[in-house]
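Accompanying notes for the structure given below.
Values quoted throughout were computed directly from the atomic coordinates according to the rules given, and no laboratory measurement underlies them. This is a predicted model, so every value here is computed, not measured. Glycine gets a Cβ as well: all are built from the backbone with ideal geometry, and neighbour counts include every protein chain shown.
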Amino acid sequence: MSDTYDKVAKNIKPGWLKIKLHNDVKYADVSKIVEKHGLHTICDSGKCPNKAECWSRKTATFMILGDVCTRSCKFCATKTGKPLPPEQGEPEEVAESIRLMGLKHAVLTSVDRDDLPDGGAGHWAETIRAIRRVNPDTTIEVLIPDFDCRKELLDIVIDAAPDIIGHNIETVERLTPLVRSRARYRTSLEVLRYIASRGAVAKSGLMLGLGETETEILATLDDLADAGCSIVTLGQYLRPTMKHYPVAEYVTPQKFAMYGDLARMRGFRYVASAPLVRSSYMAEEALLNFRKED
C-alpha cells in the first residue's frame, strides 16, 4: 500500500462528503416496509451515503436474489459467499412494497448469482413483470450484473421491458483487474453495447478516486458513448471498510462538474456527476429528462 493510500485512508473526509441525516416519518415508513417484507436493499448492504435522503423521499433501491454475492469485488460492501436459493415469493413482495411506498420510479439491482444456470435472469424478469402487474404506472429501472455477456440471458431481462437498463463499468480499464473480481472491462462494454443495440436505454456508472487519471476517465467516457450508453453517473469511491480497496483521492466537486460537462459534450443524454452521486441516486430525473427531450 502506497504512502498516498495511507495518507488518504487516515485523513478525515473533506467537507463536501458530509451527509445530512434524516430521521422523519417518511424515513421510518420506508424502514418499516423494508423490514416487514424481509427485503434486501443496496441502500443497506452497499452502505450508500444517500440512504437517509432517499428513504426520506420514500424511495429505495431493491436488491433481489438475496444479499450474498458470488463475486468479491474489492470496492463493494456486499457480503460474498455461497448464496441461498432465490426466494420464490420475492417478485410479489417487491411489487407489493413498491405499491405501499407509492413509488413512481422503482430501481432494482441484485447480487451476482454465478451459481445459477441462468445467472438469475429469469428471476429478474419475473420481478419486473410482477411490478408491472401491481404498479402499472410505475417506471422501472434495473441495474444488472454482466451475465458474462451471454446474450440469451440478457434477452430475458431486456424482453421484460424495464424503462432503463443499467450495468456499471465501475472503473477505468487499467484498474478493473485490481478492484473487480470476475468482471472484465471489455465484457461490461459489450453488455452495454448489446443493451443499446436492442433499443433499450443503456446506463452505466463510474467511481472516481481509485487512482485513475483524467486521461483514463475521458477514455472510459468515450468507450461508454461508443457502446451506445445514454446515461452515465460519476461519483466518489468511498472505502466501505479498511479491508476494501483504498481511496487514492477525494475528487473535488469542481472536478466532478468538469467531468460532467465533458461527458455531456460526448453526447450522453443525461449525466449526474458529483461526489455523492451513486447509480440510483435521483434516478427518476434521468427518465423525466428523456421524456422531455422526446
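Miscellaneous remarks
- The stretch 253-263 - phi-based ³J(HN,Hα) in whole Hz, Karplus 6.51/-1.76/1.60, Gly and Pro as x: x, 5, 5, 4, 4, 4, 5, x, 5, 5, 5
- Other-chain or far-sequence residues with amide H under 5 Å of residue 140's (modelled H): 106, 163, 164
- Gain upon complete extension [residue 261, residue 216; 0.36 nm per residue less C-alpha separation]: 14.6 nm
- Per-residue HN-Hα couplings for the stretch 107-122 [Karplus 6.51, -1.76, 1.60; θ = phi - 60°; Hz; x = Gly/Pro]: 10, 10, 9, 7, 6, 6, 10, 5, 7, 9, x, 9, x, x, 4, x
- Spin-label model, residue 249 to residue 13: label points 7 Å out along the Cα-to-beta-carbon direction sit 2.0 nm apart.
- Stretch gain in nm, segment residue 184-residue 150, where the contour uses 0.36 nm per residue and the Cα spacing is subtracted: 10.9 nm
- Applied to the stretch 196-203, the Karplus parametrisation 6.51 cos²θ - 1.76 cosθ + 1.60 on θ = phi - 60° returns per-residue 3J(HN,Hα) values of 5, 5, 7, x, 8, 7, 9, 10 Hz, with x for Gly and Pro.
- Under-5 Å amide H pairs with residue 211, H placed in peptide plane, nonlocal only: 248, 249
- Distant-in-sequence amide contacts of residue 63, defined by a placed amide H-H separation under 5 Å and a gap of 5 or more residues or a different chain, comprise 40, 41, 42, 109.
- Set 36/203; 74/203; 32/203; 32/104; 32/79; 18/255 screened for pairs whose C-alpha atoms are more than 26 Å apart: 36/203; 32/203
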